[in-house]
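To keep things clear, I will list the structure first and then write my remarks on it.
The values are calculated or read from the model by the stated rules, or taken from the named source; none is laboratory data. Note that this is a predicted model, so its numbers are computed, not measured. Cβ placement follows ideal geometry from the backbone for every residue including glycine, while neighbour counts extend to all protein chains displayed.
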Amino acid sequence: MNTNSASVMIIEIVNNYEQLVMNIGKLIDVSGYRNDYIAKKLGLTNVNFSAKKNRKTFTLEEIKKIASIIDNEDVNDYLMLQQMEARKNDETLSHDELYQAMGWK
């Protein structure tokens with residue numbers, strides 16, 4: 001891996017983390033878990049949790065814990081939909097073009 005591709009990869013990781021932090025409130029809402037439940041799991045008061053959620057000021061450890069708590073099918077479906085939406089204008093290949101590009105028969 002050259003320096004340029006490592007830099008691109010690092011930037012992508014940072015951007016993905018930034019998107020996670022900016023959208024953690026929406027992911028919590030989509031998960032179906034109540035704020036008071038997640039606050040309790042994090043050891044926060046409801047008021048503290050609400051403030052952190054609104055201000056997007058969760059620590060890295062809190063983000064990790066929240067992600068493990070809210071990991072469910074609804075959140076995964078939402079994330080997949082967001083990825084599909086972000087890539088809807090990307091160039092695609094037809095079935096025949098894919099087969100040809102891969103050298104399949």
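From the residues in region 30-41 that are closer than 17 Å to Leu60 by Cα and buried (at least 18 other Cβ atoms within 10 Å of the Cβ), which one is nearest to the chain's Cα centre (by Cα)?
The initial filter retains those residues of region 30-41 that are closer than 17 Å to Leu60 by Cα, namely 38-39, 41.
Add one more test, that the residue is buried (at least 18 other Cβ atoms within 10 Å of the Cβ), and what stays is 38-39.
Working: Ile38: 18, Ala39: 20 Å.
Selected residue: Ile38.
Mind checking which residues of region 47-95 are of a type in the set (Ser, Thr, Tyr) and surrounded by 12 or more Cβ atoms within 10 Å (Cβ to Cβ)?
Residues satisfying the conditions are Ser50, Tyr78.
Looking at Leu27, Leu98, which is the one that is of a type in the set (A, V, I, L, M), surrounded by 11 or more Cβ atoms within 10 Å (Cβ to Cβ) and either touching a His at 6+ places or on another chain (Cβ under 9 Å) or at pLDDT below 90 (or both)?
On the way: Leu27 fails: either touching a His at 6+ places or on another chain (Cβ under 9 Å) or at pLDDT below 90 (or both).
Leu98 is the lone residue from the list that is of a type in the set (A, V, I, L, M), surrounded by 11 or more Cβ atoms within 10 Å (Cβ to Cβ) and either touching a His at 6+ places or on another chain (Cβ under 9 Å) or at pLDDT below 90 (or both).
State all residues of region 28-69 that are of a type in the set (S, T, N, Q) and free of Cβ contacts under 8 Å to residues at least 12 places away in the same chain; if no residue qualifies, say none.
Thr45, Asn46, Asn48, Thr57, Thr59, Ser68
Quickly run through region 1-47 and pick out the residues that are over 16 Å from Ile69 (Cβ atoms), of a type in the set (S, T, N, Q) and assigned to a helix (DSSP H, G or I).
Of everything in region 1-47, those that are over 16 Å from Ile69 (Cβ atoms), of a type in the set (S, T, N, Q) and assigned to a helix (DSSP H, G or I) turn out to be Thr3, Asn4, Ser5, Ser7, Asn15, Asn16, Gln19.
Would it be correct to say that Ala6 is surrounded by 12 or more Cβ atoms within 10 Å (Cβ to Cβ) and either modelled with pLDDT of 95 or more or out of contact with any Ser or Thr (no Cβ under 9 Å at 6 or more places or on another chain) (or both)?
no
When you go through Met80, Met84 one by one, which is the residue that is part of a helix (DSSP H, G or I), more than 17 Å from Leu20 (Cβ to Cβ) and within 16 Å of the chain's Cα centre (by Cα)?
After applying the criteria, what remains is Met84.
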